[in-house]
Structure formats: structure tokens, C-alpha cells
Amino acid sequence: MKKLPIVALIGQTNAGKSSLLNRLARRNIAIVAREAGTTRDNVMARIDDRFLLIDTAGLKDPEDDFEANIQDQINDAIDAADVILLTLDSSKYPDQRDTAIARSALKSKKPVLLLLNKSDLGESLPEVEFINLGFKDAETFRVSATTGQGIKELKATILGLLRGGEHSARSRSELFATNGEQPKRSSTHNDRLEQAGSGENAGYAPPLKLALIGRPNVGKSSLFNRLGQKQQALVSSRQGTTRDVNRVEVRYHKRTIEILDTAGLRRPGKREVGIEKFSALRTLAAIEESDVSALLIDATEPHAKLDQSLAGQIVEAGKGIIVVLTKVDLIDDPDPIIAELERDFNFLPYAPVLLTSSETGANITQLFQLATEIDVTRHQEIKTSELNKILNEAILEHTPAGLKNTKPKLKYMVQTDTCPPWFVVYGRDTQLLHWSYKRFLERKIREKYPFVGTPICFSFREDSNKK
């Protein structure tokens, strides 16, 4: 699975950003992260597996004077997003805040589209009232999250921009015509190695990207510094590539590993509450960019629901995952903590748990070993004959249940992709298959192919072959 580009909805409150997200996703999106102390929710949606749409409304706490600064929210979105959607209520005249947001977005030189939402209302103002914001006609869209007005056209334009086409060089009708194009299969490990071994890139393998993910004060920066100093040869160090994200490249057993530190911390006096105190956008961007994400959990503090939410985001993105317990030098017995992790993260039985200490250096280099092993499993491909053997054994052990007179019949299984490994099961009446059977099949596959630290995906399709 290739990295999904990020599209961010920005703008003032009550402009209809969340409603637009739901309309573009064609459903009400479940909350990604919720915790006590926040007054809003941070939501995101994968749009047709083509891009990640973020509603920035929930990234800040409006009751916090420091975090309420709208410009901080916009800067985060501008840094992380590939396309920016500035959303305004078309029934209200733009004010100074709208003008400031528009200037910041346009100054980024990234593609920015102006969405005049609620255009179905009779009070909707003419576009001339928004001309001073600096947008061209081709960049302005009249939309309605309620009726769906302009949504298809907007989506087609976003996809055209993400494909690298020049927005100004193509008409909206041309962009709309390509909306039905299916995404190409992501390149496999062998494909990339073949590309790397030819021409000017001969002998070059792309760096393995390892992101350090976690709540504030779990020890990400300390681990980042230790990893940068500990290894055999420091290739390069780049700080500030994206705001508050540090990067360093190291060599480990002839493999280049790029580490992303997603600290994103605010000033020390503003760290009492969790999710508002680091940039959710930058964290999501780092997860999407990474091959493997290390979820850091402080051994001296109880893990929170936010840790589970972050783990879920890593799995949803199809990335490799390592659970890293930090500051183990400060505790006497890690066994009770590990038992709690196994209970609360029972949806990650395949994720390795690593006990580390940045202070003593315990198990630091093992993180690279695990990351490289997981990267290999992410690219693993299983022969169709082996998969069908596993499927037949699973059916003999546990026949799929269905309705009284109709039961699903599973015929064969193939692997269609890697990173993450993706399996498609063909059969009849697969829509009746209970969700627990997918977990059963996953367990059967992992018995022979563990796919350590790697989520695997399933699709079930109707077999049109009547034979």
C-alpha cells in the first residue's frame, strides 16, 4: 500500500467542514480519537483509498487560549497536507480571520481550493463577495454538504491535483472524466528492487522509514537521539524539514534507515491534556510516510485510550508496527505492564513488544533489527497453492455459518498485494460471512506465515464462475 496523500479541510468553525467530510466519504465517519478534556473530535476518512481527508476542526481545544490560535491550526495543516481545502460559509461575508487563513494557505504554494459551502441556501452570497481572498475562478467551488452540490466535481479536481496534473491546464470536465479511474496496484518489493537496480539508480535501495509515534513525554526525542548516535555511520541529519519533525538517516547492516521523530510538542506549560498537545496532522502524515511505526508507551505511566487509537491508525494505514515500552530502567518489574498491554492491545497479537531505555541504551539497536524484519514480512508473497491449502484446512476445521438455508461457500484465495499483504477470497454468498470468520482465516494464515508486526487485509468477492 503506497502512502496516501493528505487533503486537509481548514477554516473557521461552523463552516461545515465535518459535514463536507462525511459527504465526500459518503457516510458518517466514526471518531478516530476521543479523550476526556477535549471539546471536539478529530476525524479523518480514507476516500476510495485514494487520499486521506482530515477535518482540522477537532485538532485544537477552543477553551485553551494557547491552542485556540487558529493560525497554529492552519500552519499544521499547511505543513502536512498535499492539497488544502479552505471552507467558508457562503451565506456569511468573509472577515479578517478568513482573509488571514486564505493568505497563509496561498503563501504555502501548495494547491488550495476555496469551497463556498451551504451554496444551496437562499442567503448564499455571489462569488464576487469572496474575490478579495485571492482565488481564481478555477479554484473556487460552490458546494453543499447537505444536498451534494458540487461534490463530484470537487472530488475529481482533487484527484487530478494529486495525480500531478496542472489544475490550470485542464478543464473541470476533463478532470471529472478521470474520476472513475481505478488506482494502480502498488509496486511490490521486487518491482522496486528491479527499478533500483537499473540505470543511474543501480545498487540503490530506498531507505526504510521508521516513525516514532506516541503521546508527549513518552521519550520519543530521547530515543531519536540515542538511535542517531548509536549506529555504525551517520549518513545525514536534517532537522526542521517539517515543523517540529526531526529526521536522521543511519546505516544498519548495509541498509539505510530514516527515522522520523514526531515529537510535535508545544511549550512545557501546555502538556496537561493529550491529543491537543501534539500535532495530530503531523503524526498522521508521519504514519502515512513510514514503512514501520514504533508506538512508544511510557512504562512509568498507565497507557491511555489514545495509545490504542494511535495503534489503530497505524494498522488502518497498513504499516508495520512495533510496541516500544520506554523508560524500563525506572521500573522494577515490567511483567505486569506487559500483561496489561497484552490485554488492552489484544487486537495486535502479531506486534512485537520491545523494552527499551534511552538512558541506559538497553535494546536500542534491536529496534532496527525488528524494523528490518518487519519490512521483509510486509513484502512477503505466498503462492496461491499454499493459500488454497490453508483455506481448505480452515473450512474443514470450521465451516462458515450463514442463514438457515443459505451458507457462504468459499472457493479459493489469492494474494493481490503487499505492504500490507492483501488476500482476496472468492466464493458464493460471501456477504453472509460473519466478521469473525475473517479473524479466523487470519489466524490460520499466521500459523504458517506469522507476518510479524504486519497487518494483513482481506476482501471477499463473489465468484462469477458458475462451475
* **Which listed residue, of Leu306, Leu370, Leu325, is assigned to a helix (DSSP H, G or I) and buried (at least 20 other Cβ atoms within 10 Å of the Cβ)** => Leu370
* For Asp332, work out the one condition from (1) loosely packed, with under 13 Cβ neighbours inside 10 Å; (2) under 19 Å from Tyr252 (Cα atoms) it doesn't fulfil. => (2)
* Which of the following residues is more than 30 Å from Ala205 (Cα to Cα) and modelled with pLDDT of 80 or more: Ile275, Ile322, Ile297? -> Ile297
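Being modelled with pLDDT under 60 and within 21 Å of Ala317 (Cβ to Cβ) is true for just one of Ile31, Ile70. Which residue is that? First the steps, then the outcome.
Working: Ile70 fails: within 21 Å of Ala317 (Cβ to Cβ).
From the options Ile31, Ile70, the qualifying one is Ile31.
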* Number of the exception - Leu391 against (1) in a helix (DSSP H, G or I); (2) without any contact (Cβ under 8 Å) to a residue 24 or more places away in the chain; (3) of a type outside the set (Asp, Glu); (4) farther than 28 Å from Gln313 by Cβ -> (2)
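Among the candidates Phe440, Phe423, single out the residue that is farther than 19 Å from Leu208 by Cα, in a strand (DSSP E or B), out of contact with any Asp or Glu (no Cβ under 8 Å at 6 or more places or on another chain) and of a type in the set (Phe, Trp, Tyr). Don't jump to the end; show me each part of the working.
Details: Phe440 fails: in a strand (DSSP E or B).
One residue alone meets the criteria, Phe423.
Please verify whether Asp89 is acidic (Asp, Glu), under 31 Å from the mean Cα position of the chain (by Cα) and modelled with pLDDT of 90 or more, treating the condition exactly as stated. Please lay out each step first, then the result.
Working: acidic (Asp, Glu): yes; under 31 Å from the mean Cα position of the chain (by Cα): yes; modelled with pLDDT of 90 or more: yes.
Taking the combined requirement at face value, the residue satisfies it.
The values are calculated or read from the model by the stated rules, or taken from the named source; none is laboratory data. Quick caveat: nothing in here was measured; it's all calculated off a predicted structure. We place every Cβ from the backbone using ideal geometry, glycine too, and count neighbours over all the protein chains shown.
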